[in-house]
Amino acid sequence: RFGSSSTSRRDQPPRGSGCGMSSDRAMREALSLRLKNNVELRYFESCEVQLLYRRELVFDVVERRVYIAVGRFALWLIRDDMARAVRGGELKYQWIEKFVEDTGSRRRLLIVMKPEKPGDAPERLVVITERRNRLLERIATCFLTDTMVRLSMVAEFPQEKEKLQDTEAWLPEYTQAGSVDPFKGFERELIEDISFFVRKEFALVPSASSSAVKVFTAPASVLGGSGSQERPVELTLHHYRPVPILELARHSREHIRWVALEYKQGLVTSCQSYVLKNQAYNKKMNLSNDVASWMCWEILLKEKEHTTSVVLLRRQYAPPLLDVSQDFAVMLKCPTSLFENGQCTEEDLMHEAHIVANSMGPQVQDQSLYPNLVQAKLDALLYDEDGYAWIKSRLRMQPEGTLNIFMYGWYFVRGIVSTLVSDNMLPHQLLNDVNAKTTTFRESGEVHLDPLNIALRILAKPPDTKEKKGASELEETDDSKTVHAWQSRVARYLTFCVDGGLLGARLTLADILHSVRLGITQGVAKLEECLVFMLHMRPVDLQVPYTLQPLRAQLLALGLLGPAPEGFTIEVSFTDRVMHLILESGYIQGLLPAGNPETLSVDYVHLLDHLLRSKSSSSNLKACICRQIIAAKDVDRGTILVPGLLEVMKSNGLFLSTYACAALVNLSQAQDAVKSSLMKHDVASVVLQQLRSNDGDLMLYALMLLVHLTKLQNHRKTLQEAGLVPLLYDVLCDTYGVLQYKRRLITELCSVLGQMCNDAETRMALCDKSKCVECLLILYETSEGLRSGWTEARPRDPAGGEDAFGLLTLSAAKVEAKVLF
């Protein structure tokens with residue numbers, strides 16, 4: 001029998017108690033500082049625990065909320081106020097006897113200690129956590145690692161499953177929140193900690209490859225087919241690990257659309273595949289009352305054998321710290337013959353995929369947050385602009401802290417609004433509204449209204465170093481990196497405040513840029529300085545202090561207006577949103593003018609090249625640069641941009657590769673120097689790789705680029721040696737039967753074939769060893785408008801005209817080709 005001698009028991013934890021695990025580095029470091037020897041922590045989680053201490057023949061039970069942290073050599077129980085570890089809160093793995101999962105609950109876990117534990121450690125403890133399986137997974141990894149380090153042997157993880165009796169006095173009584181039942185004819189399935197609904201006809205295919213992938217099959221009757229099991233309908237779900245939101249840009253995954261393009265590239269197996277839908281999708285249900293934001297993208301891909309519907313989902317701002325993003329994929333594949341026979345429609349296929357995607361959500365109802373830790377991250381400005389906006393709109397939380405950052409954000413905005421209103425660029429009512437808001441702040445002492453004074457003096461240092469050292473002394477210490485990183489985050493937060501974060505559409509960065517570009521206001525110099533600070537362009541080396549100076553002088557000092565040293569890339573950091581806007585608006589181009597207003601100057605071209613190569617540039621910024629190159633009527637020394645654009649084509653996915661290739665098409669048009677530079681930088685291997693991608697848009701621009709490159713004989717010889725002609729023939733064989741879907745691509749393909757056939761060796765090879773002439777004849781005959789004569793086809797049908805050009809060049813090689821023609 002167990003006795004109880006302590007705190008009151010709750011029948012059910014309050015809404016928002018406990019939470020999923022977090023591996024946020026900053027929070028782990030903060031927690032480790034509260035422990036002796038600053039131990040290294042891997043994960044932590046907020047949970048309810050009951051600590052059972054033996055007192056002779058009875059147990060003393062202590063209930064409390066703690067953070068349970070998984071370290072390399074021990075579990076730690078830290079007080080919920082994060083002040084220090086609880087009494088006996090260090091539980092070394094060598095003292096733990098076993099872990100018992102309660103089969104009667106999804107949240108309860110019993111940890112039993114060995115007799116040789118220290119006296120102040122609990123005899124056993126019961127943990128109530130929302131993500132028990134994930135917690136056990138993390139503990140098992142560190143537990144087995146610790147065992148191998150101590151004993152030099154591999155041991156089994158001491159995990160058991162048992163239904164714990166609620167009648168025992170030392171077990172906390174807990175009533176789990178209810179969940180939504182599956183629809184009629186559906187059942188609930190799980191992948192990791194995410195639940196979803198599938199029809200009962202779908203059977204799970206056993207697989208030991210990965211727990212993050214699940215495959216189901218069902219007869220064709222699930223979509224209205226005949227029910228044949230020979231070619232069943234296949235449902236596949238992919239579950240990706242959470243990724244910190246601030247790291248998405250580094251992997252070129254800022255938007256779910258970029259993930260969808262990767263899936264599209266992987267699913268397209270030939271040129272005969274074509275995409276029927278590629279668009280955003282809105283998730284319809286939130287069955288677990290999930291606080292996170294969901295973004296979706298759908299693709300419908302049709303091939304000869306199968307048709308596939310794909311829904312990509314991104315769960316962003318996921319609890320508990322609202323700082324991670326997690327992707328999922330739902331793929332439903334069925335035989336194309338079902339549609340051809342009229343047994344079902346493409347809408348039926350997409351509807352089935354939508355049901356699975358709409359029902360996806362966390363297994364645990366009402367997942368909770370760590371509001372104290374979220375506020376700490378807000379005070380440290382560890383979110384991006386979109387994160388501040390989302391947290392403000394959903395949770396009504398703002399950065400505060402000892403610096404009163406939110407208040408000074410309003411003062412910064414008021415200084416800018418005051419300048420714009422005084423020059424009649426904004427209405428006076430907006431300034432009145434801002435003044436009414438700022439009067440609600442009660443701050444003692446003088447309030448500095450100058451925006452730059454706020455940015456460069458008041459918010460210049462984080463709270464923990466504000467009074468520690470003087471500026472000159474600080475720069476000589478390791479704290480200088482912390483201060484300079486803080487200043488970059490301040491610039492990003494002030495950008496959020498100005499660009500609609502506080503006043504919505506009434507004040508944005510575009511308003512400031514419009515006023516600065518007009519150059520007629522009295523406060524234009526102040527606005528320019530504010531804009532340069534928010535851009536905050538600086539070296540990536542955080543030991544170098546930031547210097548505020550005019551933008552042109554800053555770019556010149558960083559070496560961005562000239563070529564980089566041989567084999568060296570100039571890396572800088574900046575606020576991506578500000579850089580994107582000042583490039584798109586033409587502000588920087590106006591600072592670096594060329595002789596002709598419609599021409600990109602050499603200095604500006606050097607800047608674009610450095611930004612294309614920079615790791616700090618997002619996918620959207622690089623796409624903006626490519627759009628400017630495409631729109632430019634003339635570019636001074638366009639050869640400067642060739643290496644950067646080729647680098648983007650090689651390493652940045654379908655979206656940016658397509659943009660970069662289109663930019664090279666514009667640059668190389670009637671520019672022999674650009675063409676020679678492209679050949680010098682081995683463009684042949686890059687273009688051949690793009691032709692093998694099976695992506696229609698990317699292949700189209702690659703062929704358009706080849707049209708320009710194949711006009712010179714020495715370039716044709718280089719491309720032929722790289723293996724271009726066999727690849728062109730393969731593309732022709734794959735596409736000539738789907739002219740209605742690939743008309744533009746076939747047009748450019750025939751142009752390249754015709755120009756390559758200007759060389760006798762290529763003509764002979766295509767006539768002797770392939771059926772190129774037959775494929776072109778089929779295209780020639782099936783092209784619309786050719787029956788009245790091919791001379792009329794050129795204005796009416798470009799594909800027909802290019803087919804005739806290809807046939808005429810081939811016919812010069814051999815009499816048989818002429819006869820066929």
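The values are calculated or read from the model by the stated rules, or taken from the named source; none is laboratory data. None of these values were measured; they are calculated from a predicted model. Note: ideal-geometry Cβ built from the backbone for every residue, glycine included; neighbour counts use all protein chains shown. These accessible areas exclude ligands, DNA and RNA; they are computed on the full protein's heavy atoms, side chains included. Shrake-Rupley method; radii C 1.70, N 1.55, O 1.52, S 1.80 Å.
Here the label points at Asn758 and Arg506, each 7 Å from Cα along the C-beta direction, are separated by 6.4 nm in the simple model. For Thr307, the amide hydrogen comes within under 5 Å of the amide hydrogens of Cys334, Thr336, counting only partners 5 or more places away or on other chains and with H modelled in the peptide plane.
Per residue, the average separation of C-alpha pairs within less than 8 Å and at least 6 apart gives the range 580-660 a relative contact order of 31 percent. Per residue, the solvent-accessible area of the range 643-787 (1.4 Å probe, heavy atoms of protein chains only, all protein chains present) comes to 41 Å².
The protection proxy used here, the mean number of other Cβ atoms lying within 10 Å of each residue, ranks peptides 29-40, 84-95 as follows, highest first: 84-95, 29-40. Hydrodynamic estimate: the Kirkwood radius of the range 73-207 over Cα pairs, inserted into Stokes-Einstein at 20 °C and 1.002 mPa s, corresponds to D of 122 µm²/s. The accessible surface of the chain, taken with every protein chain in place and a 1.4 Å probe, is 49 percent carbon and sulfur. Its residues counted as N, the chain yields a C-alpha radius of gyration over 2.2 N^0.38 Å of 1.15. Expressed as a fraction of 2.2 N^0.38 Å, the value expected for a compact globular protein of N residues, the C-alpha radius of gyration of the range 361-462 is 1.30.
Relative contact order, whole percent, for the range 238-304 stands at 35, derived from Cα pairs under 8 Å and 6 or more residues apart. Summed over the residues of the range 338-395 and divided among them, the accessible surface reaches 36 Å² per residue at a probe radius of 1.4 Å. Here the calculated FRET efficiency for Asp81 and Thr141, from their Cβ-Cβ distance with R0 = 25 Å, stands at 0.30, rounded to the nearest 0.05.
Residue separation of Arg55 and Arg457 scaled by 0.36 nm, minus their Cα-Cα distance, works out to 138.9 nm of gained length. Taking Lys and Arg as +1 and Asp and Glu as -1, the other residues whose beta-carbon sits under 14 Å from that of Lys200 total -2. Helix-only arithmetic for the chain: the sum of -39500 (n - 2.57) across DSSP H runs with n ≥ 4, divided by the residue total, places the mean residue ellipticity at 222 nm at -12500 deg cm²/dmol. For the chain, the longest principal axis of the Cα atoms and the long axis of helix 479-496 meet at an angle of about 70 degrees. The mean accessible area for residues of the range 26-92, using a 1.4 Å probe and ignoring ligands and nucleic acids, is 45 Å² per residue.
If you take the square roots of the eigenvalues of the alpha-carbon gyration tensor of the range 478-527 and sort them as a ≥ b ≥ c, do you get rounded (a/c under 1.5), prolate (a/b over b/c) or oblate? Since a/c reaches 1.5 but b/c is at least a/b, the shape of the range 478-527 is classed as oblate. At the residue level, Asp433 shows approximately 60 square angstrom of accessible surface with a 1.4 angstrom probe and all protein chains present. Which distance in nm do the two modelled labels at Phe73 and Thr718 give, with both placed 7 Å along the Cα-to-Cβ direction? According to this spin-label approximation, the distance is 6.0 nm.
Relative to the first principal axis of the alpha-carbon coordinates of the chain, what is the inclination of helix 385-395, with its axis defined by its Cα atoms, in degrees from 0 to 90 and to the nearest 10? Once rounded, one gets 50 degrees. Val683 sits among other residues whose Cβ lies under 11 Å from its own Cβ, and their net charge, with Lys and Arg +1 and Asp and Glu -1, is +2.
What lysines sit close enough to Lys184 to cross-link, taking a C-alpha to C-alpha distance under 26 Å and skipping anything fewer than 8 places away on the same chain? Hits, sequence-local ones excluded: Lys200, Lys214, Lys283, Lys284, Lys333. Subtracting the Cα-Cα distance of Ser105 and Phe441 from their residue separation scaled by 0.36 nm leaves 116.1 nm. Note: relative contact order over the chain, using C-alpha pairs below 8 Å and six or more positions apart, is 7 percent.
Each peptide among 675-687, 106-118 gets the average number of other Cβ atoms lying within 10 Å of its residues, and from highest to lowest they stand as 675-687, 106-118. When the residues Leu382, Leu246, Leu705 are ordered by accessible surface, computed with a 1.4 Å probe over the protein chains alone, the sequence from largest down reads Leu246, Leu382, Leu705. For the range 282-388, the orientation-averaged shadow of the C-alpha convex hull comes to 7.8 nm² (one quarter of the hull surface). Spacing of the modelled spin labels on Leu449 and Glu187, each 7 Å from Cα toward Cβ, amounts to 7.0 nm. Sorting 151-159, 322-330, 656-664, 511-519 by average packing, meaning the other beta carbons within 10 Å per residue, from highest down gives 656-664, 322-330, 511-519, 151-159.
With respect to the chain, whose longest principal axis is taken over its alpha-carbon atoms, helix 509-518 is tilted by about 50°.
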